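Asks: So that we are looking at the same thing, I have put the structure below in structure tokens.
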Amino acid sequence: MTLTTVSEHRCFGGMQRFYAHESRECRTEMRFSVYVPPQAADRKVPVLYYLAGLTCTEETFMIKAGAQRLAAELGIMLVTPDTSPRKVRFPGDDASWDFGLGAGFYVDATREPWSANYRMYSYVTLELPELVRSLGTGMEDRQGIFGHSMGGHGALVCALRNRDRYRSVSAFAPISAPMQCPWGQKAFSGYLGDDKTAWAQYDASELVRQHAYHAPILVDQGTDDKFLEEQLKPELLEEACRASGTTLTLRRQPGYDHGYYFISTFMEDHLRHHAAFLC
């Protein structure tokens with residue numbers, strides 16, 4: 001498993017690194033970024049994965065979220081992958097911003113042509129942890145996951161389907177019930193076809209309704225988010241968690257929208273939420 005270092009930068013006493021590699025799951029070049037806190041010079045550290053939203057890359061979170069300062073203080077490694085394969089191209093893959101390039105939706109596609117390369121669920125849950133393990137500084141038994149929008153959906157699904165792997169989960173403005181919103185319906189029909197049972201395996205509200213999650217879930221949602229009513233539907237996640245007895249802290253933040261000003265405002269709360277389970 002060969003990693004190419006694209007760039008590295010000293011940051012709050014640690015190192016911000018960007019990597020490229022040939023992916024086993026996606027069968028093309030993939031990229032991801034890692035912030036290694038200063039404590040990793042002396043010991044292995046917990047690992048927190050972040051899944052970004054539509055149109056984002058492996059750089060977006062590391063540049064915009066303002067997470068490295070507190071990660072350095074807490075001694076947490078941050079890892080974020082790209083949101084889709086980029087080097088392999090299909091006709092029409094950039095025709096819309098919410099499907100295809102930059103919009104892998106963290107599923108393993110089963111419809112052609114996407115099924116050959118758009119395997120973001122397996123990439124995040126299987127291959128990426130192997131790559132992080134190869135770096136030699138992350139703790140395998142102390143991992144958490146969080147994300148934003150499409151990535152909030154992905155983080156919730158990854159945690160709910162891999163309860164023995166992720167000790168903690170949180171989300172900013174997640175697509176909470178993708179089977180019941182236009183973004184999710186477009187992505188699922190395009191990547192997975194018409195089988196609704198396959199869709200349900202990537203719907204956080206469906207998953208948590210069936211089985212309670214072992215740890216409290218933290219979700220922040222801006223009340224001025226233009227996607228709130230049509231696409232995000234946090235009330236459906238709230239209902240599903242209540243039905244299964246899962247502890248959900250859903251904070252509706254007055255006046256905040258969908259972007260990274262919102263995310264950076266509440267980033268410290270999320271990192272401390274994860275630190276309580278990882279550190």
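Asks: Check segment 220-238 and report whether any residue there is within 16 Å of SER168 (Cα to Cα) and either outside any helix (DSSP H, G or I) or in contact with a helix residue (DSSP H, G or I) (Cβ under 8 Å, 6 or more places away or on another chain) (or both).
Replies: Yes, that holds for at least one residue.
Asks: Under 6 Å between Cβ atoms, at least 6 apart or on separate chains: pull out the pairs that start in segment 222-243 with a residue that is in contact (Cβ under 8 Å) with a residue 12 or more places away in the chain and under 18 Å from MET150 (Cα atoms) and end on any residue that is open to solvent by 10 Å² or more (accessible area, probe 1.4 Å) and among the basic types (Lys, Arg).
Replies: If the second residue must be open to solvent by 10 Å² or more (accessible area, probe 1.4 Å) and among the basic types (Lys, Arg), the pairs left are THR223/ARG252.
Asks: Do we find that ARG272 is farther than 24 Å from PHE105 by Cα, open to solvent by 20 Å² or more (accessible area, probe 1.4 Å) and under 19 Å from the mean Cα position of the chain (by Cα) in this structure?
Replies: Yes: the conditions hold for ARG272.
Asks: Among the listed residues GLU8, GLU112, which satisfies the condition of being modelled with pLDDT of 95 or more, out of contact with any strand residue (DSSP E or B) (no Cβ under 9 Å at 6 or more places or on another chain) and surrounded by fewer than 23 Cβ atoms within 10 Å (Cβ to Cβ)?
Replies: GLU112
Asks: Tell me, which residue of segment 24-58 that is open to solvent by less than 10 Å² (accessible area, probe 1.4 Å) and assigned to a loop (DSSP other than H, G, I, E, B) is nearest to SER96 (Cα to Cα)?
Replies: So, considering only residues that are open to solvent by less than 10 Å² (accessible area, probe 1.4 Å) and assigned to a loop (DSSP other than H, G, I, E, B), the one nearest to SER96 (Cα to Cα) is GLY53.
Asks: Only one of THR249, THR223 is under 20 Å from the mean Cα position of the chain (by Cα) and open to solvent by 30 Å² or more (accessible area, probe 1.4 Å); which?
Replies: Just a single option satisfies the conditions, and that option is THR249.
Asks: So, one more: Count, please, the residues in segment 72-101 that happen to be under 14 Å from HIS270 (Cβ atoms) and either part of a strand (DSSP E or B) or within 17 Å of the chain's Cα centre (by Cα) (or both).
Replies: 3
Asks: When you look at THR83, is it open to solvent by 10 Å² or more (accessible area, probe 1.4 Å) and polar (S, T, N, Q), yes or no?
Replies: no
Asks: Give the number of residues within segment 128-148 that are among the acidic types (Asp, Glu) and part of a strand (DSSP E or B).
Replies: Residues flagged as among the acidic types (Asp, Glu) and part of a strand (DSSP E or B) within segment 128-148 amount to 2.
Asks: Can you find a residue in segment 129-143 that is buried (at least 22 other Cβ atoms within 10 Å of the Cβ), of a type in the set (A, V, I, L, M, F, W, C), at pLDDT 95 or above and more than 27 Å from ILE263 (Cα to Cα)?
Replies: The answer is no, given that none of the residues of segment 129-143 is buried (at least 22 other Cβ atoms within 10 Å of the Cβ), of a type in the set (A, V, I, L, M, F, W, C), at pLDDT 95 or above and more than 27 Å from ILE263 (Cα to Cα).
Asks: Does segment 23-36 contain at least one residue that is touching a residue at least 24 places away in the same chain (Cβ under 8 Å), farther than 17 Å from GLY104 by Cβ and of a type in the set (S, T, N, Q)?
Replies: no
Asks: Now for a different question. Which number in (1) buried (at least 19 other Cβ atoms within 10 Å of the Cβ); (2) more than 27 Å from LEU48 (Cβ to Cβ); (3) touching a Lys or Arg at 6+ places or on another chain (Cβ under 8 Å) marks the one condition that GLY193 misses?
Replies: The one condition GLY193 does not meet is (1).
Asks: With respect to ALA65, is the statement that it is under 17 Å from MET150 (Cβ atoms), small (Gly, Ala, Ser) and surrounded by fewer than 23 Cβ atoms within 10 Å (Cβ to Cβ) true?
Replies: The answer is yes for ALA65.
The values are calculated or read from the model by the stated rules, or taken from the named source; none is laboratory data. The model shown is predicted, which means the values in this text are computed figures rather than measured ones. No Cβ is skipped: glycine too gets one built from the backbone with ideal geometry, and neighbour counts run over all protein chains shown. Ligands, DNA and RNA are stripped out before the accessible areas are found, and what is left, the full protein with its side chains, is counted by its heavy atoms. Shrake-Rupley method; radii C 1.70, N 1.55, O 1.52, S 1.80 Å.
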